[in-house]
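In what follows, a structure is listed as structure tokens, so that the remarks can point back to it.
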Amino acid sequence: MHASSIVLWAVPTGPALAQVPHWLGKMMKVFALALVSCLLALPPLVRAQGVENFSLEAIAEDSKSKVESKFELKDHQGKTVVLHFLLKTECPFCLKYTNQYAQLASTTPDVIHLFIKPDSEKDIRSWVKKLVKLDGVKYPTIYRDPGAKLAKRFDIPDGYQFHGQSVHYPALVVLDGEGKEMFRYVGKNNSDRMSKDDFVKKLETMSSK
């Protein structure tokens, strides 16, 4: 049942309203509307309580390379986890974005960055080879999200027309050490991403609360 329905039932209407002093009835209406607004402004319950455990398969640069087979949220309690939902198919901006955040990840060991693509293993391996390898920067592991199931769990909007396909919008979701969502950024298009500097500032602000 919707929160607004519950609140409005408590406000007298019709004949009952005539028996209530005018000033009291007006005050009750204002209070009810204010309470409804507050309830609607609250984030979804799943964000407040923390997300359920999930796992992601890691994709190596080639079939012969060895990487940690998968990531499971439950194994990283106490650490901030950043989910980078990258676009499906070829995406130059995703390459640039991943390189920038990979540099940041190398300096923040307590913050785990997961770069996620919904493509096939073959397509991901082909895409990974285009990432820039920088000295002193750990090569980022790319995780596969088949069918964009995890993106759907996090309510990342889809319907973005890109390279002839309908895909999810690029997004960044940050979880705290308890698995609760701290904040998110959803781009309006391929080039709309949260900059590395803006991310650092936002994370510092949210962590200090």
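The values are calculated or read from the model by the stated rules, or taken from the named source; none is laboratory data. From a predicted model like this one, the values you see are computed outputs, not experimental measurements. Don't worry about glycine lacking a Cβ; one is built from the backbone with ideal geometry, like all the others, and counts go over all protein chains shown.
Key figures
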| item | result |
| --- | --- |
| Given (1) surrounded by fewer than 21 Cβ atoms within 10 Å (Cβ to Cβ); (2) more than 23 Å from Asn53 (Cβ to Cβ); (3) in contact with a helix residue (DSSP H, G or I) (Cβ under 9 Å, 6 or more places away or on another chain), index of the condition Pro140 fails | (2) |
| Lone qualifier among Leu172, Leu87, Leu104 - being crowded, with 16+ Cβ neighbours inside 10 Å, under 19 Å from the mean Cα position of the chain (by Cα) and part of a loop (DSSP other than H, G, I, E, B) | Leu87 |
| Test: residue in region 134-144 that is aromatic (Phe, Trp, Tyr), assigned by TED's automatic domain parsing to the domain that holds Ala171, more than 18 Å from the chain's Cα centre (by Cα) and at negative phi | yes |
| Contacts under 8 angstrom Cβ, first residue in region 133-157 being more than 18 Å from Val186 (Cβ to Cβ), partner among the hydroxyl-bearing types (Ser, Thr, Tyr) and part of a loop (DSSP other than H, G, I, E, B), 6 or more apart | Lys133/Tyr139; Gly136/Ser106; Val137/Ser106; Lys138/Ser106 |
| Unique match (being over 20 Å from Gln165 (Cβ atoms) and among the basic types (Lys, Arg)) among Lys88, Lys138, Lys130, Lys122 | Lys138 |
| Any chance Leu104 is among the hydrophobic types (A, V, I, L, M, F, W, C), touching a residue at least 12 places away in the same chain (Cβ under 8 Å) and within 27 Å of Glu204 (Cα to Cα) | yes |
